[in-house]
Amino acid sequence: MRSGELGATELPGTDPRQNHLLDALPASEYLRLAPDLEHVTLDLGEVLYESGAKVRYIYFPTTAIVSLLYVMQDGASAEIAIVGNEGVLGIALFMGGGSTPSRAVVQSAGHAYRMKGQQLKEEFERFGPLMHLLLRYTQALITQMAQTAVCNRHHSVDQQLCRWLLLSLDRLASNELTMTQELIADMLGVRREGVTEAAGKLQKAGLVRYNRGKITVLDRPGLQKRTCECYEVVKREFDRLLPYQVL
């Protein structure tokens, strides 16, 4: 399915301008890009990119959330960033690398729009508004990656889980996430038992409710009080570089 005009549909996730980067483009720029945007549905656990593989498409999520994971030789992995409706997947296409050492896995099922790599390169090389937006987003993404590395090294599993939940909520329209504790453990690069204990503490405190793979956040301000400074650092940088988005 393709969309070639503004407001083509009101269904959740199926209007390209539900992605904040696309929504920030001037109308003339967006309308030129719109015919090349292909609507796709992303399923939970779907792999969009494998480590080292050539990146063929760039993705603009609207309701889906995708985790970028670094995978070790023994199969162990840890999340280095998450991307949702605030951003784009496939920065290697316009940064000149062509491939990426990380794996991109759908963390929360939903919708996205994708564009072929060659078409994206041609748009980027126009040196117009899209190029400036993508570069500013890339700087914000680098900040998120760096802060995630610091958080994973210096902060408790409880704090990491709170940070992860808050960043995910910022990219969702509801307060509910569908995610097993095993998947969360893979994302954070910790043992499942550690996630079980941390989630239990949050549930006992009345901050979340966990049931059959669904996490419902009941008290967001309470989560923010329990998290480390890493969440605020990342949020502040996105707000600074991309002021049009609502996080």
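Given H placed on each backbone N at 1.01 Å, which residues far from LEU218 in sequence or on other chains put an amide H within less than 5 Å of it?
For LEU218, the qualifying residues are VAL208, ARG209.
Give a quick list of trypsin sites (Lys or Arg not before Pro) in the range 13-119 that DSSP marks as loop, anything other than H, G, I, E or B, with at most 16 other Cβ atoms within 10 Å.
In loop regions of the range 13-119 (DSSP not H, G, I, E or B), the sparsely surrounded trypsin sites (Lys or Arg not before Pro) are ARG56.
Would you mind calculating the gained length between ARG212 and ARG153 on full extension (0.36 nm times residue separation, minus the Cα-Cα distance), in nm to one decimal?
Extra length available between ARG212 and ARG153 comes to 18.3 nm.
Counting C-alpha atoms alone, how compact is the chain: give Rg to one decimal and Dmax as a whole number, in angstrom.
Looking at the chain, its Cα Rg and Dmax stand at 17.7, 54 Å.
Using a 10 Å Cβ count of at most 13 others and DSSP loop calls, identify the longest part of the chain lacking such chymotrypsin sites (Phe, Trp or Tyr not before Pro).
With chymotrypsin sites (Phe, Trp or Tyr not before Pro) excluded where exposed in loops, the chain gives 1-126 as its longest stretch.
Under 1.5 on a/c is rounded, so check that first for the range 1-135, then, if it is not, pick prolate when a/b is larger than b/c and oblate when it is not; a ≥ b ≥ c are the square roots of the alpha carbon gyration tensor eigenvalues.
oblate
Which value, in nm² and rounded to one decimal, describes the direction-averaged projected area of the C-alpha convex hull of the range 90-177?
Across all orientations, the range 90-177 yields a mean hull projection of 7.1 nm².
Using a probe radius of 1.4 Å on heavy atoms only, what accessible surface per residue do you get for the chain? Whole Å² is fine.
The answer is 47 Å² per residue.
Could I have the simple spin-label model distance between ASP74 and ARG192, label points 7 Å from Cα toward Cβ, reported in nm to one decimal?
Modelled inter-label distance: 1.8 nm.
Under 5 Å between amide hydrogens, which residues at least 5 positions from ALA53 or on another chain qualify, with H placed 1.01 Å from N in the peptide plane?
THR100
Given that compact globular proteins tend to follow 2.2 N^0.38 Å, what is the ratio of the alpha-carbon Rg of the range 107-247 to that value?
Ratio of Rg to 2.2 N^0.38 Å for the range 107-247: 1.18.
Tally up the carbon and sulfur contribution to the accessible surface of the range 99-168 as a whole percent, 1.4 Å probe, everything protein left in place.
Roughly 52 percent, rounded to a whole number.
For the chain, compute the number of Lys pairs whose alpha carbons are separated by less than 21 Å, excluding pairs fewer than 8 positions apart on the same chain.
7
Taking θ as phi - 60°, what are the ³J(HN,Hα) couplings along the range 206-222 by the Karplus curve (6.51, -1.76, 1.60), each to the nearest whole Hz, with x for Gly and Pro?
x, 8, 9, 10, 10, 7, 6, x, 10, 10, 10, 7, 9, 9, 5, x, x
The values are calculated or read from the model by the stated rules, or taken from the named source; none is laboratory data. Quick caveat: nothing in here was measured; it's all calculated off a predicted structure. All Cβ positions, glycine included, derive from the backbone under ideal geometry; neighbour counts span all protein chains shown. Note: accessible area is taken over every heavy atom of the protein model, side chains too, but ligands, DNA and RNA are not part of it. Shrake-Rupley method; radii C 1.70, N 1.55, O 1.52, S 1.80 Å.
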